[in-house]
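Reading through the structure tokens given below for one structure.
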Amino acid sequence: MAALGYPPGAEKKVLDRKFVVENKNALIDMLARRGMKIEDLGGTAGEPADVWSLDAERRADLKQCEDLRHRQKVCGEEIARRGRAKQDVSTLKSEMKGVSDEIKRLDTRLQEIDRRLRDILMLIPNVPDASVPVGPDASANREVRRHGDLPRFDFEIRAHWDLGPDLGILDFERAAKISGARFAVALGAGARLERALIHFMLDLQTRERGYREVVPPYLVTRAALEGTGQLPKFETDLFKTAAGERELFLIPTAEVPLTNLHRDEILAADSLPLRYVAMTPCFRSEAGSYGKDVRGLIRQHQFHKVELVKITTPESSMDELERMVEDAEEVLRRLEIPYRVVVLSSGDMGFQAAKTYDIEVWLPGQNDYREISSCSNCADFQARRANIRYRPDPGAKPRFVHTLNGSGLAVGRAFIAVIENHQQADGSIVVPDALRPYMDGQGVIKKES
């Protein structure tokens, strides 16, 4: 943490009000390395993010409350004494009425200050790990490794938005008729290919990589999204629904329900690490991305994803992150698709992450590498919000766990990678060997009527 200007252990306290108040310069430095400013941390009403003034007000009000309560106690004893002596206590009782009213006013004010402080603290991102490249954006990302040779074609390469409709396995126009832009319909062999990818990924992670499969709810509460860090900062990116007065959100990723499985729990040390995998639909409004990747399957409002989540100890979390990246890479290796692994810079990482690796798959139709998986160690950032702890030894004080999440993989983007990398001159698609058992042995996808 020295590289970010934090004293030892600071990364474990970044959401703690006391730590933020006492380390203003370190907080400003961390935000700068993430491309942010203090002004970006305004509360929900848009007020300036002055944690320090609010904290000073809070301490002053607490002191006044303590003095008034002490006065209450002293006067209460005096009223009792005078009462026993049959003396007049009307003046003291009148004073106590005013003291009681003032304490109630201060308590209400303290609750409001605490709410405003919490709103600001909830907008502070995670502290980047010392191993993360420092930089303002993706230009500072660092490539770690590449795998596979780029395919060579002796015919004109086609993108999936042309290949799929021509083969009759993707239909964007009918999807738009049903739901509007950024939706797709998969048909026939296209639907079978998507199902095959899902089953293959789940089987790989459960049978060979040690994950436990989960089918979680697809609707979650506000508290669940606050626990993983999507709220309050990213509310405009979410689809929200309600049943009467009950507010629920469609999940943007299975990371949310999987991580919240253990919210408000204290886990046994010998149960860790916990490794979960789930295939779910994901729903994202893609607010602010108008005009970006509007063609094809790259940026959809609804898509399927196989998600990996780990809950582990602080000492093992970075090793578990490396293994998670390897778990996701294995999918691409078996699908015979070239890719590269990139570690994200401090300015390009997600809000919740302490360190993130992106796996970028080669897409011939775009002549570029595109992200297909992000694997992140969130350290104790989410655990603090969701109150997930473990007890290192019987009777020991509970500690916060570390949580990790990663795509293993985004199914729609894997679909793209398969049909673009394995396309043939006649427009057909060769099915990778790993998927054929899930495609009833089908080796080639040809045009469907």
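The values are calculated or read from the model by the stated rules, or taken from the named source; none is laboratory data. The shown structure was predicted, so the numbers you read here are calculated from the model rather than taken from an experiment. All Cβ positions, glycine included, derive from the backbone under ideal geometry; neighbour counts span all protein chains shown. Side chains are part of the model used for accessible areas, which takes the heavy atoms of the whole protein and leaves out ligands, DNA and RNA. Shrake-Rupley method; radii C 1.70, N 1.55, O 1.52, S 1.80 Å.
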Q: Calculate the tail of P(r) for region 385-449: the fraction of all Cα-Cα distances greater than 19 Å, expressed in %.
A: 57 percent
Q. When the label point is put 7 Å from the Cα of Arg340 along its Cα-to-beta-carbon vector, which residues of region 347-376 have a backbone N closer than 13 Å?
A. 358-363, 367-371
Q: Quick one: give the max-minus-min coordinate of the C-alpha atoms of the chain along each principal axis, largest first, in Å.
A: 106, 48, 41
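Over all directions, how big on average is the projection of the convex hull of the alpha-carbon atoms in region 73-201, in square nanometres?
Computing the convex hull of the Cα atoms and averaging its projections yields 21.1 nm².
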Q) Which semi-axes, in whole Å and largest first, does the equivalent ellipsoid of region 134-272 have when worked out from the alpha carbon gyration tensor as the square roots of 5 times its eigenvalues? A) 33, 25, 20
Q | Cα radius of gyration and Dmax for region 287-421 (Å) | A | 16.9, 58
Q | Cα-based convex hull, region 60-147, per residue volume (Å³, whole number) | A | 148 Å³
Q. What accessible surface, in Å², does a 1.4 Å probe find on Tyr357, ignoring ligands, DNA and RNA and rounding to the nearest 10?
A. 20 Å²
Q. Using unit Cβ charges (K, R positive; D, E negative) and no other charged atoms, how large, in debye to the nearest 20, is the dipole of the chain about its Cα centre?
A. 1640 debye
Q: For region 158-167, just list the computed ³J(HN,Hα) in residue order, Karplus coefficients 6.51, -1.76 and 1.60, θ = phi - 60°, integers in Hz, with x standing in for Gly and Pro.
A: 10, 7, 4, 6, 9, 4, x, x, 5, 7
Q. Taking only the alpha-carbon atoms of region 310-382, what semi-axes of the equivalent ellipsoid follow from 5 times the gyration tensor eigenvalues under a square root, in whole Å, largest first?
A. 25, 15, 7
Q) On average over all directions, what projected area in square nanometres does region 178-223 have, based on the convex hull of its Cα atoms? A) 5.7 nm²
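Taking a probe of 1.4 Å, how large is the accessible area per residue of region 225-333, in Å²?
41 Å²
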Q.
Using only the Cα atoms of region 230-311, what semi-axes does the equivalent ellipsoid have when each is the square root of 5 times a gyration tensor eigenvalue? Give whole Å, largest first.
A. 28, 18, 11
Q. Too long at a 30 Å Cα-Cα cut-off: which of Lys177/Lys447; Lys63/Lys86; Lys37/Lys355; Lys18/Lys233?
A. Lys63/Lys86
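What number does region 219-277 give for Rg over Rh if you use C-alpha atoms and the Kirkwood radius? Before the final figure, lay out the partial values.
Details: Rg = 13.2 Å, Rh = 12.6 Å.
My calculation puts Rg/Rh at 1.04.
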Q. How do Met30, Met36 rank by accessible surface area computed with a 1.4 Å probe, from largest to smallest?
A. Met36, Met30
Q. Using 1/(1 + (r/R0)^6) with R0 = 45 angstrom and r between the beta carbons of Ile266 and His147, what's the FRET efficiency to the nearest 0.05?
A. 0.65
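Can you pull the percent of the chain's accessible area that's carbon plus sulfur, 1.4 Å probe, other chains left in place?
Taking all protein chains in place, the chain shows 49 percent carbon and sulfur surface.
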**Q.** Spherically averaged projected area in nm², based on the convex hull that wraps the Cα atoms of region 272-360
**A.** 7.3 nm²
Q.
Not counting ligands, DNA or RNA, and with a 1.4 Å probe, what is Arg142's accessible surface area in Å² rounded to the nearest 10?
A. 120 Å²
